[in-house]
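Contents: one structure, followed by commentary.
The values are calculated or read from the model by the stated rules, or taken from the named source; none is laboratory data. Owing to the predicted nature of the structure, the values given are computational and were not obtained by experimental measurement. Every residue, glycine as well, gets a Cβ built from its backbone with ideal geometry; the counts of neighbours run over all protein chains shown.
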Amino acid sequence: MSLASVPVSQTPESKFREYLASRPKPQRFTEQQREMVEYVFAKHSHFEAEQLIDELKKAGKKVSRATIYRTLLKLVDAGLLRRIELPTGTVYDHDYGYPAHDHLVCEQCGTMIEFQSEQIEAVLRDVTAAHQFRGTAHTLVIRGTCAACNAARSVKRRMVM
């Protein structure tokens, strides 16, 4: 399932600029950061930091490795991206401009499937209300085996028998 973007009041760039300006020690928005934010939010995809470094180089963007890692942390802190910890490493996902969603991750092929569930959202609202807790975000990752890998495994078993 591919998620459609949702209307937002600010562009990712202006939201990030606002975040940087509101820090205890305001920070400037650099040209490298602008290029990175523009590139990351041009399409909705999950990515690893090293993958982003390679893609920016191929696109002719001159953004240093250190700037990329520092800016990713700030984009997460600003609520624009979220970190998803997987056994294979950390991936980043858009958390701004897209509806609340969760992920299924295939441990065989690495496929990541986004899904939305009103039932999960309702349970989370009930749990947080029961504990008088104000939830601001959550990350749910269900690990297992996708349909394609399950089918391939079934075919392999039948061939062995």
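Condition check: exposed (fewer than 14 other Cβ atoms within 10 Å of the Cβ) and out of contact with any Leu (no Cβ under 9 Å at 6 or more places or on another chain). Does ARG82 satisfy that? No: the conditions fail for ARG82. Answer yes if at least one residue in region 54-70 is assigned to a helix (DSSP H, G or I), over 12 Å from HIS94 (Cβ atoms) and β-branched (Val, Ile, Thr), and no otherwise. Looking through region 54-70, at least one residue is assigned to a helix (DSSP H, G or I), over 12 Å from HIS94 (Cβ atoms) and β-branched (Val, Ile, Thr). If only residues of region 89-107 that are surrounded by fewer than 15 Cβ atoms within 10 Å (Cβ to Cβ) and in contact with a strand residue (DSSP E or B) (Cβ under 9 Å, 6 or more places away or on another chain) are counted, the one that is nearest to ARG70 (Cα to Cα) is THR90. Being over 20 Å from the mean Cα position of the chain (by Cα), small (Gly, Ala, Ser) and assigned by TED's automatic domain parsing to the domain that holds LEU86 is a property that does not hold for SER45.
When the test is whether a residue is assigned to a helix (DSSP H, G or I), crowded, with 18+ Cβ neighbours inside 10 Å and not assigned by TED's automatic domain parsing to the domain that holds GLU107, LEU20 does not pass it. Do we have LEU104 as in contact (Cβ under 8 Å) with a residue 40 or more places away in the chain, within 16 Å of the chain's Cα centre (by Cα) and within 19 Å of ALA137 (Cα to Cα) here? So LEU104 passes the test. Taking the residues in region 45-75 that are under 22 Å from THR136 (Cα atoms) and surrounded by fewer than 16 Cβ atoms within 10 Å (Cβ to Cβ) as candidates, determine which candidate is modelled with the highest pLDDT. Here the answer is LEU73. Report those strands (runs of 3 or more DSSP E) wholly inside region 85-126 carrying at least 1 residues which are touching a Phe, Trp or Tyr at 6+ places or on another chain (Cβ under 7 Å), at pLDDT 95 or above and in the same structural domain as ALA49 (by TED's automatic domain parsing). Those strands (runs of 3 or more DSSP E) span 89-94. Taken over region 28-44, residues that are surrounded by 15 or more Cβ atoms within 10 Å (Cβ to Cβ) and not in a helix (DSSP H, G or I) amount to 3. Only one entry of GLY97, GLY110 meets the criterion of being touching a residue at least 12 places away in the same chain (Cβ under 8 Å), out of contact with any Cys (no Cβ under 7 Å at 6 or more places or on another chain) and closer than 25 Å to SER9 by Cβ, and that entry is GLY97.
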